[in-house]
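Chemist: Submitted below is the structure of interest, expressed as structure tokens.
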Amino acid sequence: MNEPKLRLYTELLLRQANKRGYRECGDQAEIVRTMEHTDFILADGIGSGSYANIAARMCISRMLHLMRSGIPIHNACEKALRLMHRARSEKVPFAAFNIARIMKNGQFVSLSFEAPLPLLVRDGVVQKLRSTHYTLSKEIVTETSVLLKEGDSMVFFTDGVTQAGLGRGQGMGWGADGFIDLYQKCVSAGMPTGDALDMILMKTKALSGNVHGDDTSVALLTLRKASVINIFSGPPADKTDDAIFVKRFLACDGLKVVCGSTTADMVARVTGKRVHMRGVPDSLATPPEYSIDGIDLVMEGAVTLNQAYNILEEDLKDGEAGVLRLCTLLRKADIVRLFEGQAENVAHNDLTFKQLGILKRAIIMQLLNDKLVKMGKVTKWEKL
């Protein structure tokens, strides 16, 4: 059965400034994307410099570890708050935080602990959301939820923003309303998002006597249409599964890439199309390229994947060579689905492959997947 089409991607834009005189920021943020949801945490470690930095990192690490283990966001928050409550009377690291989860259908929920509440930006309007207060592990948390749609943004910020100007004629600080007023003016003026966040940091600095009196962070999570690419390499272990695997691949949304001459022949056979050779490579370093009607890119398998892995993070210029085009597509992609057939390719055992350092499909697919994840891509790897 095909998965529901995933078209929304959560893009993060983060701006931070360190507290005056400190090399390390006590605010820390981390985002983790999966095919099902995106998790985001912005933590503000209490204290300054390294101590605050470590407190924030510990808070984030603990909650993300719990959620990766399948624990729901509310339970993960509750467990973290047990430690925060202990910090009231014991010398243990303490952090204020916002933790949020955005499901693939746009359902958003956040839990805020001693931190400013997130804001919604929709259709050019910056707005507060209704929230609910309750107790977890003897601490007060505030829950905010909304169903997001494409183009919506959620804004998170630490008290370095809201308390800017504290003790300098701003009462208890600039406050959320001051932030909303300036950010709304930036949005209404059509200012680029990055410039708007930079202006926020400049304003908080100015309010505090041209210094940052506290670690200051502003994060923007924006939902946009995802760029999706599907890569198919290798026939299934059982030949009777050929049609199933090909149809599953073709049913996915996004660009289609086939790597491997045998795989290309299989796709052509199942679809009733023909494979055409696209010229003769002029270099041993250039893998052969083919074409199949309805497929965006068709290339040789192992060499292509090895080369793509090796140069994916290099400073590449767009070019006509298939591997360069594949790397460009991968770098622009938000979501990458990998379809790996488990049939053995005896050619991969050839001594020439080993001499050239060409890794087998299973190995290079694993390495490529890991690199894509490090680059912030959402991946799904299916084997048959």
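The values are calculated or read from the model by the stated rules, or taken from the named source; none is laboratory data. Predicted model only: the values in this text are computed from it and were never measured. Methodologically, a virtual Cβ is constructed for each residue, glycine included, from the backbone with ideal geometry; neighbour enumeration extends over all protein chains shown.
Chemist: What do you reckon, is residue 141 of a type in the set (Val, Ile, Thr), farther than 26 Å from residue 86 by Cβ and in contact (Cβ under 8 Å) with a residue 40 or more places away in the chain?
Modeler: Taking the combined requirement at face value, the residue does not satisfy it.
Chemist: Next question. Residue by residue through the stretch 64-80, note down the ones that are touching a residue at least 60 places away in the same chain (Cβ under 8 Å) and within 18 Å of the chain's Cα centre (by Cα). Lay out the reasoning, then the answer.
Modeler: First, the residues of the stretch 64-80 that are touching a residue at least 60 places away in the same chain (Cβ under 8 Å): 74, 77.
Scanning the stretch 64-80 gives no hits.
Chemist: Follow-up. Mind telling me which of the residues 129, 136, 83, 111 ends up being within 23 Å of the chain's Cα centre (by Cα) and among the hydrophobic types (A, V, I, L, M, F, W, C)?
Modeler: Going through 129, 136, 83, 111 in turn, just one is within 23 Å of the chain's Cα centre (by Cα) and among the hydrophobic types (A, V, I, L, M, F, W, C): 111.
Chemist: Which residues, taken from the stretch 201-258, are free of Cβ contacts under 8 Å to residues at least 40 places away in the same chain and either β-branched (Val, Ile, Thr) or outside the structural domain of residue 363 (by TED's automatic domain parsing) (or both)?
Modeler: Of everything in the stretch 201-258, those that are free of Cβ contacts under 8 Å to residues at least 40 places away in the same chain and either β-branched (Val, Ile, Thr) or outside the structural domain of residue 363 (by TED's automatic domain parsing) (or both) turn out to be 202, 203, 206, 210, 240, 246.
Chemist: Continuing with this model, one more query. Step by step: first the residues of the stretch 38-63, then only those that are among the charged types (D, E, K, R) and in contact (Cβ under 8 Å) with a residue 24 or more places away in the chain, then the one that is surrounded by the fewest Cβ atoms within 10 Å (Cβ to Cβ). Which residue is that?
Modeler: First, pick out the residues of the stretch 38-63 that are among the charged types (D, E, K, R): 39, 44, 57, 62.
From the residues that got through so far, the ones that are in contact (Cβ under 8 Å) with a residue 24 or more places away in the chain too are 39, 44, 57.
Numbers: 39: 20, 44: 30, 57: 17.
Taking the candidates together, the pick is 57.
Chemist: Would the stretch 104-124 turn up any residue that is part of a loop (DSSP other than H, G, I, E, B) and hydroxyl-bearing (Ser, Thr, Tyr)?
Modeler: Residues of the stretch 104-124 that are part of a loop (DSSP other than H, G, I, E, B), as a first pass: 104-106, 114-118, 123-124.
If we keep only those that are hydroxyl-bearing (Ser, Thr, Tyr) too, we end up with none.
Scanning the stretch 104-124, I find no residue that is part of a loop (DSSP other than H, G, I, E, B) and hydroxyl-bearing (Ser, Thr, Tyr), so the answer is no.
Chemist: Could you grab the pairs with beta carbons closer than 9 Å, sequence gap of 6+ or different chains, first residue in the stretch 82-95 and in a helix (DSSP H, G or I), second one polar (S, T, N, Q)?
Modeler: Once the first residue is in a helix (DSSP H, G or I) and sits in the stretch 82-95, its partners that are polar (S, T, N, Q) give 82/137; 83/137; 84/137; 85/137.
Residues are listed down the side, and each one gets a yes or a no for (1) in contact with a Ser or Thr (Cβ under 9 Å, 6 or more places away or on another chain); (2) part of a loop (DSSP other than H, G, I, E, B):
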{"site": "129", "(1), (2)": "yes, yes"}
{"site": "142", "(1), (2)": "yes, no"}
{"site": "179", "(1), (2)": "yes, no"}
{"site": "194", "(1), (2)": "no, no"}
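Chemist: Please go through the stretch 200-218 and give me each residue that is within 12 Å of residue 17 (Cα to Cα) and not basic (Lys, Arg), ordered by number.
Modeler: If the condition is that a residue be within 12 Å of residue 17 (Cα to Cα) and not basic (Lys, Arg), then 200, 201, 202, 204, 211, 212, 213, 214, 215, 216, 217, 218 are the ones that fit.
Chemist: Here is a follow-up. Which residue is surrounded by the most Cβ atoms within 10 Å (Cβ to Cβ), if the candidates are limited to the stretch 304-322 and must be at pLDDT 90 or above and in contact with a strand residue (DSSP E or B) (Cβ under 9 Å, 6 or more places away or on another chain)?
Modeler: My answer is 305.
Chemist: Filter the stretch 91-113 down to the residues that are of a type in the set (Gly, Ala, Ser) and in contact with a Cys (Cβ under 8 Å, 6 or more places away or on another chain) and list them by number. Walk me through how you get there before you give the answer.
Modeler: First, the residues of the stretch 91-113 that are of a type in the set (Gly, Ala, Ser): 95-96, 100, 106, 110, 112.
Residue satisfying the conditions is 95 alone.
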